[in-house]
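Participant: Attaching a single structure in structure tokens format; questions to follow.
Nothing in this text is a laboratory measurement; each read-out follows from the coordinates by a stated rule. Note that the coordinates shown come from a computational prediction; the quantities given were computed from them, not determined experimentally. Reconstructed Cβ throughout: ideal geometry from the backbone, glycine too, with neighbour counts over all protein chains shown.
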Amino acid sequence: MEFKVHHSGRAHYYTPEEIDVVVKAMNDAEPLTQSKYRNQFEQKFSEFLGVKHSFAVHTATDALELTAQLLQFDEGDEIIIPSFTFTASAYPFVKQGAKIVWADTDPKTHVITAETIKACITSNTKAILVVHIAGYVANMPEIMDLAKKHHLIVVEDNAQGIGTEINGQKSGSFGDFGIFSFHSHKNISTLGEGGMLVVKDDDIAKIIPMLRHNGHCAFDFEQEHYWEPAMGNVDIPELNGKPIMPNNYCLGEVECALGVKLLDRVESLNTEKRTRAIRFIDALADFEDIEFHRVNSTRHNYHLLLAYFPTGKRNEFFKRIVYQKQIQCIAPYYPLNRYDFYKKVGMGKANCPNTDLFWDNMISFPFHHWMSEPDFDYMLAATREVLDDLR
Ligand SMILES: Cc1ncc(COP(=O)(O)O)c(C=O)c1O
């Protein structure tokens with residue numbers, strides 16, 4: 001069907017300066033992968049985040065696959081993950097043999113908390129994966145304290161929350177692993193796909209280049225001629241004395257060059273989205289049938305604009321906003337335990353009443369950065385009209 005305001009799969013457009021950077025890299029990158037622009041992107045990303053080790057990868061899913069390998073799960077090990085997230089937050093851990101324990105979300109903020117995590121900890125828990133869903137940072141200081149007490153590894157899936165912070169510290173820099181996405185939907189996109197993996201541990205950082213690039217490494221002896229016995233070695237990286245099989249998860253040079261430039265715009269993109277979100281939320285404050293999580297600070301970047309219908313009118317609103325007003329609202333993040341995939345791998349059960357109640361009564365408005373002012377005004381007026389009719 002034709003929509004007046006569609007849910008765009010593209011988050012933003014590019015400035016002329018960003019396009020120039022892409023064209024320049026197309027002309028001067030040599031080789032077109034694994035070279036100077038990757039190094040610049042990783043270095044600038046580490047400075048942006050205030051961390052030591054950042055690794056550019058092809059997707060955030062790749063960063064999660066690497067993380068899942070590096071966690072080296074033994075039989076019976078568990079990882080705590082919110083059921084309210086995208087499937088890529090979870091299935092890489094299933095592939096590495098971990099058992100997922102689904103954590104509930106807070107009813108107001110929709111992220112997991114130290115309290116909801118605590119309820120899932122058992123003697124088999126090895127790690128916690130926190131998702132800053134919709135672009136709101138979970139309470140990382142509290143979660144890190146809890147993890148320290150129980151000797152748990154923390155992974156921050158920050159695919160949606162780039163540039164947000166809590167107590168002046170950037171999201172994605174708290175955990176042992178930080179994951180970022182530059183997919184087409186995300187706050188900044190390196191031409192449709194892209195990701196970054198941030199790690200704290202120096203030993204882990206040492207083996208990521210090999211794991212990311214087919215096990216390529218140097219020989220451990222001085223070569224007299226660079227072609228003898230081969231141009232370079234291929235080996236199996238080891239961590240804690242155990243082998244980890246390599247992959248090819250590299251990100252191309254043109255994408256990396258653009259990533260360097262886009263980092264300059266993260267803050268203004270986030271501010272523009274947040275300002276709009278607050279305008280929308282405040283303009284609907286007089287309706288009791290709809291609620292939003294309102295955060296007018298850098299703790300939220302409003303990657304997504306989610307709404308909750310506390311009086312049970314979600315389905316009626318959905319039909320009217322879609323069929324009468326042609327606004328393509330969606331309902332993302334079906335709790336993962338309800339999907340066939342997770343049922344088939346024995347992870348179909350969850351004790352997440354807040355998540356279930358929220359998902360059954362929520363909606364996500366179209367909220368791409370490039371939405372025009374007339375479209376935004378139309379969406380707001382149409383929402384008011386539908387809510388008026390439902391009163
Ligand atoms: C929370 C979350 N984690 C991971 C991903 C995967 O990102 P990518 O598409 O870069 O692999 C996404 C993307 O939608 C996401 O929203």
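Participant: Which ³J(HN,Hα) values in Hz, rounded to whole numbers, follow from the phi angles of the stretch 79-85 under the Karplus curve 6.51 cos²θ - 1.76 cosθ + 1.60, where θ = phi - 60° and Gly and Pro get x?
Facilitator: 10, 8, 9, x, 6, 8, 6
Participant: Translational diffusion coefficient of the chain at 25 °C, 0.890 mPa s, Stokes-Einstein with Kirkwood Rh over Cα pairs, in µm²/s as a whole number.
Facilitator: 111
Participant: Placing unit charges on C-beta atoms (Lys and Arg positive, Asp and Glu negative, everything else neutral), compute the dipole magnitude of the chain about its Cα centre in debye, rounded to 20.
Facilitator: Here the chain has a charge dipole of around 1040 debye.
Participant: Out of 331, 361, 348, whose Cα points farthest toward the positive end of the dipole of the stretch 317-391 (charges: +1 Lys, Arg; -1 Asp, Glu; placed on Cβ)?
Facilitator: Result: 348, furthest along the dipole toward the positive end.
Participant: Round to the nearest 10 and give me the degree value, 0 to 90, for the angle of helix 253-262's Cα axis relative to the longest principal axis of the chain.
Facilitator: In the chain, helix 253-262 runs at an angle near 50 degrees to the longest axis.
Participant: Lysines near residue 4 by alpha-carbon distance under 24 Å, same-chain residues fewer than 8 away left out - which ones?
Facilitator: Cα-Cα hits under 24 Å: 186, 273, 313, 319, 325.
Participant: What are the ³J(HN,Hα) values, in whole Hz, obtained from phi via the Karplus relation 6.51 cos²θ - 1.76 cosθ + 1.60 with θ = phi - 60°, for each residue of the stretch 363-372 in sequence order, with x given for Gly and Pro?
Facilitator: Each residue's phi maps through the Karplus curve to give 8, 10, 7, x, 8, 5, 4, 8, 4, 6 Hz.
Participant: Just rank 87, 116, fewest to most, by other beta-carbon atoms within 10 angstrom.
Facilitator: 87, 116
Participant: Sticking with the crude label model, points 7 Å out along Cα→Cβ, report the distance from residue 278 to residue 315 in nm, one decimal please.
Facilitator: Inter-label distance under the simple model: 3.7 nm.
Participant: Oh, and also: Can you tell me the Rg and Dmax of the stretch 136-224, counting just the alpha carbons, in angstroms?
Facilitator: 16.5, 54
Participant: Right, another one. What's the percent breakdown of Cα-Cα distances in the stretch 265-390 across 10 Å bins, shortest bin first?
Facilitator: All Cα pairs considered, the percentages come to 12, 39, 32, 16, 2.
Participant: Identify, among 122, 137, 312, the residue whose Cα sits farthest towards the positive end of the charge dipole of the chain, taking +1 on the Cβ of Lys and Arg and -1 on the Cβ of Asp and Glu, with the dipole about the Cα centre.
Facilitator: 312
Participant: Moving on. Relative to the first principal axis of the alpha-carbon coordinates of the chain, what is the inclination of helix 36-49, with its axis defined by its Cα atoms, in degrees from 0 to 90 and to the nearest 10?
Facilitator: Its long axis makes an angle of about 50 degrees.
Participant: Most mobile of 348, 194, 241 per a Gaussian network model of the chain (Cα springs, under 10 Å)?
Facilitator: 241
Participant: In whole angstrom, how long is each semi-axis of the equivalent ellipsoid of the stretch 128-178, when you take the square root of 5 times every eigenvalue of its Cα gyration tensor and sort them from largest down?
Facilitator: Values for the stretch 128-178, descending: 17, 11, 8 Å.
Participant: So how strong a dipole does the stretch 248-315 carry about its Cα centre when Lys and Arg Cβ are +1 and Asp and Glu Cβ are -1, to the nearest 20 debye?
Facilitator: Roughly 40 debye for the stretch 248-315.
Participant: For residue 118 and residue 331 in one chain, what is 0.36 nm times their gap in residues minus the Cα-Cα distance, to one decimal in nm?
Facilitator: 73.9 nm
Participant: Just to be sure I understand the model, the point goes 7 Å from the Cα along the line to the Cβ. What's the resulting residue 323 to residue 391 distance in nm?
Facilitator: 2.4
Participant: Which translational diffusion coefficient, to the nearest whole µm²/s, is obtained for the stretch 1-118 from the Stokes-Einstein equation, given a Kirkwood hydrodynamic radius over C-alpha pairs, 4 °C and 1.567 mPa s?
Facilitator: It comes out at roughly 71 µm²/s.
Participant: State the Cα centre-to-centre distance between the stretch 266-308 and the stretch 114-179 in whole Å.
Facilitator: Taking the Cα centre of the stretch 114-179 as reference, the centre of the stretch 266-308 is 23 Å away.
Participant: Suppose we keep just the DSSP beta bridges with both residues in the chain; what percent of those would be antiparallel, to 5?
Facilitator: Numbers: 26 of 43 bridges.
About 60 percent, rounded to the nearest 5.
Participant: Roughly speaking, what is the centre-to-centre gap between the stretch 376-391 and the stretch 60-112 when only Cα atoms are used, to the nearest Å?
Facilitator: The distance from the Cα centre of the stretch 376-391 to that of the stretch 60-112 comes to 38 Å.
Participant: On to the next question. Kirkwood hydrodynamic radius for the stretch 54-157: how many Å is it when counted over pairs of different Cα atoms?
Facilitator: 13.7
Participant: Next question, about the same structure. Using Cβ contacts closer than 10 Å as the measure, can you line up 385, 222, 193 from fewest to most?
Facilitator: 222, 385, 193
Participant: Percent of alpha carbon pairs in the stretch 205-342 separated by more than 27 Å?
Facilitator: 57
Participant: Related question: Long-range amide H contacts for residue 305: which residues qualify at under 5 Å (H placed 1.01 Å from N, peptide plane, sequence gap of 5 or more or a different chain)?
Facilitator: The list, which skips near neighbours in sequence, is 365.
Participant: Which of 254, 137, 345, 234 comes first, and how do the rest follow, when ranked by fewest Cβ neighbours within 10 Å? The partial results should precede the final answer.
Facilitator: On the way: 254 21, 137 26, 345 14, 234 11.
Result, fewest neighbours first: 234, 345, 254, 137.
Participant: Calculate one ³J(HN,Hα) per residue across the stretch 60-75 by plugging θ = phi - 60° into the Karplus curve 6.51 cos²θ - 1.76 cosθ + 1.60, and present them in order as whole Hz with x for glycine and proline.
Facilitator: 5, 4, 4, 4, 6, 4, 5, 4, 4, 5, 5, 6, 6, 5, 9, 3
Participant: May I pose another question? Using +1 at the Cβ of each Lys and Arg and -1 at the Cβ of each Asp and Glu in the chain, identify which of 234, 376, 196 lies farthest towards the dipole's positive end.
Facilitator: 376
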